[in-house]
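The values are calculated or read from the model by the stated rules, or taken from the named source; none is laboratory data. Everything numeric in this text was worked out from a predicted model, so none of it was measured. For neighbour counting, all protein chains shown are included, and Cβ atoms are generated from backbone atoms with ideal geometry for every residue, glycine included. Accessible surface is based on the protein model in full, side chains and every heavy atom, while ligands, DNA and RNA are left aside. Shrake-Rupley method; radii C 1.70, N 1.55, O 1.52, S 1.80 Å.
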Amino acid sequence: MKDVLSRKTVFHGRVLDVALEEHLMPDGRCATFEIIRHPGGAAVLPLLDDGRVVLIRQFRPAVGRVIYEIPAGRLEPDEPAEVCAARELIEEAGYEARLLSPLGGCWSAVGFCDEYITLFLASGLREVSRSLEPDEFIDPCPMPLDEALRLVRQGAIADSKTQLALLLYRQKLEDSQP
């Protein structure tokens with residue numbers, strides 16, 4: 001990043017780092033920002049053979065409630081996003097995929113964080129044992145795609161990576177129809 005004039009890490013954690021960074025702006029001014037540095041992540045929309053999608057309901061302390069989302073996780077050092085997505089699908093939803101297809105991706109919060117989440121569609125699923133982390137509370141919730149999209153419209157699915165994965169998958173279905 002050629003526009004970074006200085007960087008001071010003020011917090012180094014297991015999941016993320018927080019840095020104070022001075023950046024050169026496009027107009028030549030300098031500005032200081034608080035930026036969360038994150039290794040990135042992968043998320044996966046599981047698709048059952050009968051056409052239903054599998055969302056998970058997970059307790060998220062940052063928002064203080066259980067939310068609908070898709071299985072997702074942080075990339076390990078030098079880990080390809082596809083490997084991370086396959087791992088999280090097993091750990092959180094209890095499925096192994098025969099095929100992972102790229103759906104797209106998104107920056108999670110560009111105003112203060114550099115996390116990029118790569119999205120996948122998982123198909124050819126086979127049930128396997130889940131292996132939740134000790135601090136995870138997760139329930140898999142299979143549902144028709146139309147139901148999931150209705151929950152997005154109603155605001156019951158407010159997680160951005162999940163909203164985007166569902167919309168990209170719906171668009172993929174529409175594009176494949178004659």
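Structure data summary
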read-out	value
Candidates Arg87, Arg60, filtered to the one that is surrounded by fewer than 16 Cβ atoms within 10 Å (Cβ to Cβ) and either closer than 22 Å to Arg14 by Cβ or in contact (Cβ under 8 Å) with a residue 24 or more places away in the chain (or both)	Arg60
Residues of segment 148-176 classified as in a loop (DSSP other than H, G, I, E, B) and either without any contact (Cβ under 8 Å) to a residue 24 or more places away in the chain or in contact with a Gly (Cβ under 6 Å, 6 or more places away or on another chain) (or both), total	1
Only one of Leu48, Leu75 that is open to solvent by less than 50 Å² (accessible area, probe 1.4 Å), in contact (Cβ under 8 Å) with a residue 60 or more places away in the chain and touching a Pro at 6+ places or on another chain (Cβ under 7 Å)	Leu48
Breaking point among (1) surrounded by fewer than 15 Cβ atoms within 10 Å (Cβ to Cβ); (2) part of a helix (DSSP H, G or I); (3) among the polar types (S, T, N, Q), for Ser129	(2)
Single unsatisfied condition, Glu115 versus (1) surrounded by fewer than 14 Cβ atoms within 10 Å (Cβ to Cβ); (2) of a type in the set (Asp, Glu); (3) out of contact with any helix residue (DSSP H, G or I) (no Cβ under 9 Å at 6 or more places or on another chain)	(1)
Failed condition for Ile138, given (1) in contact with an Asp or Glu (Cβ under 6 Å, 6 or more places away or on another chain); (2) open to solvent by 30 Å² or more (accessible area, probe 1.4 Å); (3) among the β-branched types (Val, Ile, Thr)	(2)
Candidate set from segment 1-57 (those that are among the small types (Gly, Ala, Ser) and closer than 30 Å to Tyr169 by Cα); member that is farthest from the chain's Cα centre (by Cα)	Gly51
Check on Leu99, farther than 25 Å from Phe137 by Cα and surrounded by 15 or more Cβ atoms within 10 Å (Cβ to Cβ)	no
